[in-house]
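> Below you will find the structure I want to go over with you.
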Amino acid sequence: VLDEEITAGVPVVVPEPSCCAALRDELLEMLPHDPQARRLAAQTYTLEEFLCKYAPDFRYPRVDGRIVVQQHCHHRAVMGTDAQRAVLQATGAMVEFPETGCCGLAGSWGFEKAKHDLSLACGERVLFPLLRDTDEQTVVVADGFSCRTQIFQGLRRPALHTAQVLRDALRSRNAVGLQGEERS
């Protein structure tokens, strides 16, 4: 489907960390000798990586206040925190990447009846107590859909994707704080 774009070197921006990890890491394990797989892996980016590489002079909108980031396990393991940290810090917000570990949902794993309680227990280990202790004005960022879902279902607190934070701040260009959209 993307053969021409891959050959032409068009960057592929993936909003979901697990999808980025699949294209950048797991695809190469499945197709180690496929040159198109290698090309695709090399030109797949998270939004933050894309902005850092292709828009280094972008004027980020200001976000006043504090942002706490729950980084998706695949994001942390495969892509690291540098680009996400750079983009969020460029907004002027006070950005924190606490060592919370896994949110506990892990894709569909936490939805399985036999694993649901364990999934919530993972969230209760560090993440949920940390977020309960943060004020409502603190923006919670979680680029992973699983993480956002777990945070909302476990705490009834919205978490935003970095793209949503930037969108909201660009709309206001003088954000005093951002309100998340409730998603279940």
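Residue-by-condition table, conditions (1) touching a residue at least 60 places away in the same chain (Cβ under 8 Å); (2) surrounded by fewer than 18 Cβ atoms within 10 Å (Cβ to Cβ); (3) touching a Ser or Thr at 6+ places or on another chain (Cβ under 7 Å):
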| position | (1), (2), (3) |
| --- | --- |
| V10 | no, yes, no |
| P17 | yes, no, yes |
| R24 | no, no, yes |
| P32 | no, yes, no |
| E48 | yes, no, yes |
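> May I pose another question? Considering every residue within the range 153-164, establish whether at least one is closer than 22 Å to L47 by Cα and either more than 13 Å from the chain's Cα centre (by Cα) or modelled with pLDDT under 95 (or both).
Yes, because at least one residue in the range 153-164 is closer than 22 Å to L47 by Cα and either more than 13 Å from the chain's Cα centre (by Cα) or modelled with pLDDT under 95 (or both).
> Could you figure out which of (1) at pLDDT below 90; (2) touching a helix residue (DSSP H, G or I) at 6+ places or on another chain (Cβ under 9 Å); (3) among the polar types (S, T, N, Q) isn't true of S146?
Unmet for S146, out of (1) at pLDDT below 90; (2) touching a helix residue (DSSP H, G or I) at 6+ places or on another chain (Cβ under 9 Å); (3) among the polar types (S, T, N, Q): (1).
> I'd like to verify a number: residues in the range 131-152 that are surrounded by fewer than 16 Cβ atoms within 10 Å (Cβ to Cβ) and part of a helix (DSSP H, G or I), how many?
1
> Same structure again: Scan the range 35-55 for residues that are closer than 13 Å to D82 by Cβ and touching an Asp or Glu at 6+ places or on another chain (Cβ under 9 Å) and jot them down.
Selection gives T46, E48, E49, C52.
> Select from the range 159-175 the residues that are without any contact (Cβ under 8 Å) to a residue 40 or more places away in the chain and surrounded by fewer than 18 Cβ atoms within 10 Å (Cβ to Cβ) and write down the one among them that is farthest from G107 (Cα to Cα).
R171
> Name the single residue, out of those in the range 88-124 being touching a residue at least 60 places away in the same chain (Cβ under 8 Å) and assigned to a loop (DSSP other than H, G, I, E, B), that is farthest from E48 (Cα to Cα).
Ranking the candidates gives G107 first.
The values are calculated or read from the model by the stated rules, or taken from the named source; none is laboratory data. Keep in mind that what you see is a predicted model, and the values were worked out from it rather than measured. Using ideal geometry, Cβ is built from the backbone for each residue, glycine included, and neighbour counts are taken over all protein chains shown.
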